[in-house]
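Working notes, structure below.
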Amino acid sequence: MKDQETEEGEHQDPPTDPNRRAQTADRPEEHHAPPVRGQLTRRVFLLSLQAIFNAIVIGFIAKGMVLLIYFVTNIAFYGRFSVVGVDPTLEHVGAWVFVIPIIGALLVGLLARYGSPNIRGHGFPETIEKILAKKSRIDPKITILKPLSAAISIGTGGPFGAEGPIIATGGAFGSLTGQLMRITASERKTMLVAGSCAGVAAIFGSPMAGILMAIELLLFEYSPRSIVPVAMACTTAAAMHYWLFGQEPVFAMPDIPEPASLALVIYLVMGFILGVSGALASKAVYGIEDLFASKLKHIHWMWWPAIGAVAVGVIGWFAPRTMGVGYDNIVLLLSGKATLFIILSLSFLKFISWAVYLGSGTSGSTMAPLFTIGGALGALLGYVILHYFPDCGVNMATCALIGMAATFTGATRAYLTAIVFAFETTGQAHGLLPLIGACTAAYLISFFMMKDGSLYTEKLERLGIHTPFAMEADILQKLLVRDVLEDEANVLSGENTILEARQWIKEHAADEGATSFVVVDKAKHLIGLVKRKDIFSKQYDDSAALHSITSNGSVYLYPGNELSSAVDIMDQFDTSVVPVIKRGPDRKVVGVLTHKAIFAAYRSRRNEEEVYQKDISLKRQGIKIIHQGRQLLRWERES
């Protein structure tokens, strides 16, 4: 450490609380450096309580949403006021099946035009956009308009599931409560995500899938402060599902056999094919959206859903199973007893109906349609394989199971979510290995097939909003101050005059670009920081001692602090340098941390992780072994 000898100056003892890394002496109030990112605090406990309350409410909303869909379906297809669980049918409406979806689409268009355009689509890209670009603020109207519009769309024959609107509504409700509370944007994001994923758990009774969905698609982080409230919400919502909907798996299926080795290989290959189908499904939806936007731009978008609804009615006339929620279709496919006509209609006709109607901008969903289409494609592949190779050990129900999960993975890249969801909603332990293999293959192929993002993120990429596709530990949280400490840095002596300090800077530090300098006494005890502009200011007497214009005596770091804390302090106190002191009452300066040192450490660590190198050479090791063998043989001859 290079400094100039002076008499000892006044100093303050460092804070005893380890979380209080910095505070200023020149202000009446205390200023603390931001807490360590992701740490557990009392606020996490309070947020968890709020998330639990929200999940209870969302559980009732989920039940109400399902009943509302049944109510609209009964009115549209059965001509009665009832909430009995039914699916759209041609039995009572005949040719009106061509008109009913159009009427529903017109109502959705009106709600979007005069209510909120944010109810259009399946809601996931819009939710992610609010998280990344709008500080997790969602218009409170969505809490009412989204379930209402979705119930009309689905109840009049739309080929969607109830989970999409519940996810959007749960997120809107979580955001609403977050806007009513005095919380940070990060905490509001947690409340939004907890609400959305609680919607998944409330509809399907799949809490772990909800948690993984939060991690893979919405949170963009993995830390206790966010995971704990989300987990509490998903667990509570799952309990609400068991109470309101029953404890049986949503997609109950007969027990499937443990797969043999050959069957596992076949399931893996199927995963690649299904991953391609999922990626193509995503491309088809966006392609149809572009088609509506380019070819029908002279028509207001509120009318587009009515045009898309024509496909729903026409296809519904030939294949009524393609209309409505269709959870029963998934159960039928998983039973392994679906006929070839049903498999083909759900594979292709359901896909056309769903892609066209969703691409037209109506209020819909993606999970249930993708599971239905994927399950049918898996069953179709299984049918073909068993026809030509009847003794290969492939099981039809297992084919449908991996079909629904792998297709969803290929379209959304929600890899772990798809695996766990399929397991939780069916309860088939023997399906885990096939699911892991097939979904891994689909996940891999999706990155080659979709360069512009997944079904949930491509829309955001088009808007210029980048969505992270990987979660990596912050490099600055992995590096400590001691790792980059400049122990030979220059500091200023507090007894020097302002004129002397100014002259020294001109001669020795003119090109450094530092905005502040560390000031110490003759024993290297910290006095504080002095700004460069104050040293060169004309308002101070040149003969005054430097310590007279020194401030921020309590801004410092310890060698064991993370570099992320250093960045927070530099930003909070607008300084390019921070003194590093030894723990203890004397506050002895052991080094200086600069912003340039942080940049260099970050760049160095990043380069280390991306450089290709071979640490062990098998060829070189082989030469050593041969050489030792020759020595051993020669020694045997001499003996």
Handout entry: Failed item in (1) hydrophobic (A, V, I, L, M, F, W, C); (2) in a helix (DSSP H, G or I); (3) open to solvent by 50 Å² or more (accessible area, probe 1.4 Å), with Val84 passing the rest
Key = (2)
Problem - Answer from Ile385, Ile342, Ile330 - the residue that is surrounded by 24 or more Cβ atoms within 10 Å (Cβ to Cβ) and either out of contact with any helix residue (DSSP H, G or I) (no Cβ under 7 Å at 6 or more places or on another chain) or aliphatic (A, V, I, L, M) (or both) - result: Ile330
Completion exercise
When Ile352 is run through (1) outside any loop (DSSP other than H, G, I, E, B); (2) over 25 Å from Asn74 (Cβ atoms); (3) at pLDDT below 95, the failure sits at (3)
Practice task
Scan (1) closer than 14 Å to Gly378 by Cα; (2) in contact with a Phe, Trp or Tyr (Cβ under 7 Å, 6 or more places away or on another chain); (3) of a type in the set (A, V, I, L, M, F, W, C); (4) surrounded by fewer than 22 Cβ atoms within 10 Å (Cβ to Cβ) for the single condition Leu296 breaks and write down its number.
Solution key: (1)
Problem - Residue match in the stretch 77-87 (condition: of a type in the set (Asp, Glu) and either more than 30 Å from Val228 (Cα to Cα) or touching a residue at least 60 places away in the same chain (Cβ under 8 Å) (or both)) - result: yes
Exercise for the section: Report those helices (runs of 4 or more DSSP H) wholly inside the stretch 530-616 carrying at least 2 residues which are in contact with a helix residue (DSSP H, G or I) (Cβ under 9 Å, 6 or more places away or on another chain), open to solvent by less than 50 Å² (accessible area, probe 1.4 Å) and over 26 Å from Ile475 (Cβ atoms). Expected result: 532-535
Completion exercise
Exception for Pro140 within (1) free of Cβ contacts under 8 Å to residues at least 40 places away in the same chain; (2) outside any loop (DSSP other than H, G, I, E, B); (3) of a type outside the set (Gly, Ala, Ser) falls at (2)
Exercise for the section: Select from the stretch 254-293 the residues that are within 33 Å of the chain's Cα centre (by Cα), open to solvent by 70 Å² or more (accessible area, probe 1.4 Å) and aliphatic (A, V, I, L, M) and write down the one among them that is nearest to Thr412 (Cα to Cα). Expected result: Leu280
Exercise for the section: Answer yes or no: is there a residue in the stretch 175-186 that is touching a Lys or Arg at 6+ places or on another chain (Cβ under 7 Å) and either on the phi > 0 side of the Ramachandran plot or surrounded by fewer than 24 Cβ atoms within 10 Å (Cβ to Cβ) (or both). Expected result: yes
Exercise for the section: Please find, among Ala231, Ala239, Ala260, the residue that is over 28 Å from Trp354 (Cα atoms) and modelled with pLDDT under 95. Expected result: Ala260
Problem - Filtered residues of the stretch 158-207 (kept if assigned to a helix (DSSP H, G or I) and more than 19 Å from the chain's Cα centre (by Cα)) - result: Leu176, Thr177, Gln179, Leu180, Ala202, Ile203, Phe204
Fill in the blank from the handout: Checked pairs for the stretch 555-567, first in contact (Cβ under 8 Å) with a residue 60 or more places away in the chain, second surrounded by fewer than 22 Cβ atoms within 10 Å (Cβ to Cβ) and polar (S, T, N, Q), C-beta under 6 Å and 6 or more apart or across chains, list as Glu562/Gln477; Ser564/Gln477
Practice task
Any residue in the stretch 285-301 that's under 18 Å from Gly364 (Cβ atoms): show its pairings with residues that are basic (Lys, Arg) and assigned to a helix (DSSP H, G or I) at Cβ separation under 8 Å, as long as the two are six or more apart or on different chains.
Solution key: Tyr286/Lys459
Practice task
Would you check if Lys135 is over 30 Å from Trp317 (Cα atoms), in contact with a helix residue (DSSP H, G or I) (Cβ under 8 Å, 6 or more places away or on another chain) and either modelled with pLDDT under 95 or in a loop (DSSP other than H, G, I, E, B) (or both)?
Solution key: yes
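Residue-wise test of (1) closer than 21 Å to Ala601 by Cα; (2) at pLDDT 85 or above; (3) out of contact with any Lys or Arg (no Cβ under 6 Å at 6 or more places or on another chain).
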| residue | (1), (2), (3) |
| --- | --- |
| Leu492 | no, no, yes |
| Ala501 | no, no, yes |
| Lys522 | no, no, yes |
| Arg532 | no, no, yes |
| Val567 | yes, yes, yes |
| Asp574 | yes, no, yes |
Exercise for the section: Hey, could you check the stretch 504-529 for residues that are assigned to a loop (DSSP other than H, G, I, E, B) and within 18 Å of His595 (Cα to Cα) and say which is most open to solvent (accessible area, probe 1.4 Å)? Expected result: Asp511
Handout entry: Inter-residue pairs, beta-carbon under 8 Å, first without any contact (Cβ under 8 Å) to a residue 12 or more places away in the chain and in the stretch 419-432, second surrounded by fewer than 22 Cβ atoms within 10 Å (Cβ to Cβ), 6+ apart
Key = Ala429/Phe423
Exercise for the section: Determine whether Ile119 is touching a residue at least 60 places away in the same chain (Cβ under 8 Å), open to solvent by less than 10 Å² (accessible area, probe 1.4 Å) and farther than 22 Å from Phe251 by Cβ. Expected result: yes
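The values are calculated or read from the model by the stated rules, or taken from the named source; none is laboratory data. None of these values were measured; they are calculated from a predicted model. Every residue, glycine among them, receives a Cβ derived from its backbone with ideal geometry; neighbour counts consider all protein chains shown. Side chains are part of the model used for accessible areas, which takes the heavy atoms of the whole protein and leaves out ligands, DNA and RNA. Shrake-Rupley method; radii C 1.70, N 1.55, O 1.52, S 1.80 Å.
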